[in-house]
Every structure is written in C-alpha cells, then in structure tokens.
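Working notes, structure below.
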Amino acid sequence: MKRSKCFLVLVVGSLTTALIGCGDNSSGGPRLVTGDPPPAAHSGADGHGDAHPTEGPHQGHLIELGREEYHAELTHDDDMKKVSVYLLDKAATTAVTSADAELALNLVVDGKPLQAKLGADPQEGDVEGQASRYSIVDEAVLEALEAPKVTGRLSVNIAGKSFSGKVEPHEHGDHKH
C-alpha cells in the first residue's frame, strides 16, 4: 500500500511539472512605452510554429484583439502627457479603422479603477467617419499606465464586431511596470 501511494505522488508531481513547464513566458510581458528595443520574436520552437508580432510600427506595446484577428498598439508621449492607441491588422503592420467615436480603456491600479475614453484622432489616409488612431491627453492615465501593478481592458469595435484586449504590467529597459 505504501509503494502505491509513493507511485501516485510521483506520477501526479511529474504531470504537474510537465504541465506548468509548457508555457512560454519569455517576453517579459507587454511594454507600454515607445523607444524600447523589441523583445525577441516568437520562434515557434515551442511547437506552435508561427511568429507572433511583439512590437507595433510605432514601437509601442501590442494588445491582442480577438484571437489575433487584430491588434491595438498602445503608445505614450511623456512630454505631451498623451496616450494613443493605433488599430492594426492581424500582422500588426497595417492600420485598420473603427467607426467608434471613442475607445474605452478600463484600468485597475493598486485595486482602484480608472476609466479613460480615448477620442478618435484620425490619421492621413483614414476613411471619413473612421479612425485608426485614438488618443487622450491626461497625466493621470499616463501615470496609471506606468504603475507597477496596472491591469485592464481595452474595448473597441472593428468591422462591426466588438473586441476586448488585455492590458498588463510590462517590463522595459532599466525598470518594470
């Protein structure tokens, strides 16, 4: 009886170790500032076989929308106290637009909620009545995004479909967020 209990503990422990070891957490988490060097691209060495974009064309943090149907790139300008979100395609290389007048960025910092509404900030080439960039000038939102324990969700409609993306703490350069 004693041997079967030891065997069971060994099997359960081995399975737990194998399951925990399957995740790829090499990216260090999302990054929210511009100018940081991009983390290494997803190599596909873990059996997934596909490359995932790690940084947007504006050197900002990428937020997955849907099952990588689209991406949102979150950037900020510390001097102007401006936070911007760029809507991008699946490959995170080409702008896509939304007819939303504003996007909701719902954050939680140290257990306290903060909601920001980023207004449409159309770029050259955007279709009339649609935008591929949304922005807000707000020091409190900027500080919240730089907090070490920030989490949240970004909500947007693209092509008539609602998407929500996860905002998480990130790491860059000489400090973590």
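The values are calculated or read from the model by the stated rules, or taken from the named source; none is laboratory data. Computed from a prediction, not measured in an experiment: that's the story for all the values here. Quick reminder, even Gly has a Cβ in these numbers, built from the backbone with ideal geometry, and neighbours come from all protein chains shown.
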- Got at least one residue in region 114-125 being of a type in the set (Asp, Glu), touching a residue at least 24 places away in the same chain (Cβ under 8 Å) and out of contact with any strand residue (DSSP E or B) (no Cβ under 6 Å at 6 or more places or on another chain)? no
- Out of all the residues in region 33-49, is one or more of a type in the set (Asp, Glu), modelled with pLDDT under 75, under 30 Å from Ala131 (Cα atoms) and part of a loop (DSSP other than H, G, I, E, B)? yes
- Would you point out which residue out of Ala101, Ala72 is at pLDDT 95 or above and exposed (fewer than 13 other Cβ atoms within 10 Å of the Cβ)? Ala101
- Condition check for Ala144: touching a strand residue (DSSP E or B) at 6+ places or on another chain (Cβ under 9 Å), over 17 Å from Gly56 (Cβ atoms) and not in a strand (DSSP E or B): yes
- Note on the structure: Contact list, first residue from region 65-82 and assigned to a strand (DSSP E or B), second anywhere and among the aromatic types (Phe, Trp, Tyr), beta-carbon distance below 8 Å, six or more apart or interchain, is Leu65/Phe163; Tyr70/Phe163; Ala72/Tyr86; Glu73/Tyr86; Thr75/Tyr86
- Quick one: how many residues across region 111-170 are surrounded by 18 or more Cβ atoms within 10 Å (Cβ to Cβ) and among the basic types (Lys, Arg)? 1
- Message: Given the criterion β-branched (Val, Ile, Thr) and part of a loop (DSSP other than H, G, I, E, B), identify the matching residue among Val108, Val127.
- Response: Val127
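Okay, residues lined up against (1) in contact with a Phe, Trp or Tyr (Cβ under 8 Å, 6 or more places away or on another chain); (2) modelled with pLDDT under 95; (3) polar (S, T, N, Q):
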{"site": "Val85", "(1), (2), (3)": "yes, no, no"}
{"site": "Gly111", "(1), (2), (3)": "no, yes, no"}
{"site": "Asp138", "(1), (2), (3)": "no, no, no"}
{"site": "Ser155", "(1), (2), (3)": "yes, no, yes"}
